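Before any comments, here is the structure.
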Amino acid sequence: MRRTLGALAGLMLLGAAGFADADPLRVMALDQCADQYVLALSPDARLALSPRADDPDAWLRREAAGRLRLRPTMEAAVGFRPDVVVRYWGGEPRLLTALEQRGVRVITIEDAVDLEGVRRNIRTVAGGLGQVERGNRLEQRMDAKLAHAAPARSATQAPGAVYLTSGGFTSGPGTLMDAMMRAAGFRNLTTTPGFGAISVERIAMNPPARFILGFFDQLRADLRGPGRHPVVRRAAEGRTAARLPAATLTCPAWFAADAVAMMAEGRP
């Protein structure tokens, strides 16, 4: 009996040791947006991030420090041997097909046109990485920020504003930015659906009451873009409700709520 118990104890110790020595999940992110998701949801996995993981417009660029970076190529994937690949726009179709044929799970972050779309992305990636609880906490933090930023007044009383990028583009209905502006208590003065250019002449002739500026912190981007034109700069003086950093705008992710909070701070 004593010998049997000793054998059982030995087997249990071996099993525990094998479990402790098991390799962590190997996760490869194919683009900067995917980097943010895997860093937030599975930081203890063995990660291979994209080359842009620590760029100034990456939300979790500090968390990316010291992590492995790989280009989204078949050669890199074969060498890293991921269990899971996460992507937004990265990775050509042939690469994705080859990965799936090798048994790699490919998780795709979808474009979001509203904040519910962001929540779906969190749930999709969290579920695919086996991190549902972390996903729930991330979603809860996002919703708490949105609730804090929510306006007290009705939508009909919301102040109007125009979203403008340094490249001279704006966002109308059916875009995530439009949903974010409404969540922050603004009425979008751009009524044409989707994304479109806005001319310097239009701003000069009919300047909006308020601007919400995006991507202007990227000093080398769109250096000669219409959004940086002196006429636009003068029109925006004293009328800018928020300057949203590029890091809040490059990915349909939970930090859209941080951009909403920034806009709400400038709400009259």
### Within the chain, longest stretch clear of exposed trypsin sites (Lys or Arg not before Pro) (DSSP loop, no more than 15 other Cβ within 10 Å)
154-219
### Query
So how tilted is helix 132-149 from the main axis of the chain? Cα-based, degrees 0 to 90, rounded to 10.
20 degrees
### Task
Taking 7 Å along the Cα-to-C-beta vector as the label spot, tell me the ASP217-THR73 distance in nanometres, rounded to one decimal.
3.2 nm
### Gain on full stretching of the segment that runs from VAL231 to THR192 - 0.36 nm per residue minus C-alpha separation
11.7 nm
### Query
In sequence order, what are the phi-derived ³J(HN,Hα) couplings for the range 95-107 according to the Karplus relation 6.51 cos²θ - 1.76 cosθ + 1.60 with θ = phi - 60°, rounded to whole Hz, with x for glycine and proline?
5, 5, 4, 4, 5, 5, 5, 7, x, 7, 7, 10, 10
### Query
Which angle between 0 and 90 degrees, to the nearest 10, do you get for helix 2-20 versus the longest principal axis of the chain when only C-alpha atoms count?
30 degrees
### Message
With just the Cα atoms defining each centre, how far is the range 125-185 from the range 213-253? Give it in Å.
### Response
18 Å
### Summary
Of every Cα-Cα pair in the chain, the percentage lying beyond 28 Å is 45 percent
### Task
Could you point to the residue in ALA53, VAL118, ALA150 farthest towards the positive end of the range 46-178's charge dipole, with +1 and -1 charges on the Cβ of Lys/Arg and Asp/Glu respectively?
ALA53
### Message
Counting only helical runs of four or more DSSP H residues, what would the 222 nm mean residue ellipticity of the chain come to if each run contributes -39,500 (n - 2.57) and the total is spread over all its residues?
### Response
-12000 deg cm²/dmol
### Task
Could you pull out which residues in the range 153-188 have an amide N less than 19 Å from a spot 7 Å beyond the Cα of ASP143, following the Cα-Cβ vector?
180, 183-184
### Query
Gaussian network model of the chain, Cα springs within a sub-10 Å range: biggest mean-square fluctuation belongs to which of VAL106, VAL78, VAL162?
VAL78
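Laboratory data are not the source of any read-out in this text; all were calculated from the coordinates shown. On a predicted model such as this, the values are computed, not experimentally measured, just so you know. Neighbour counts run over all protein chains shown; Cβ positions are idealised from the backbone, glycine included.
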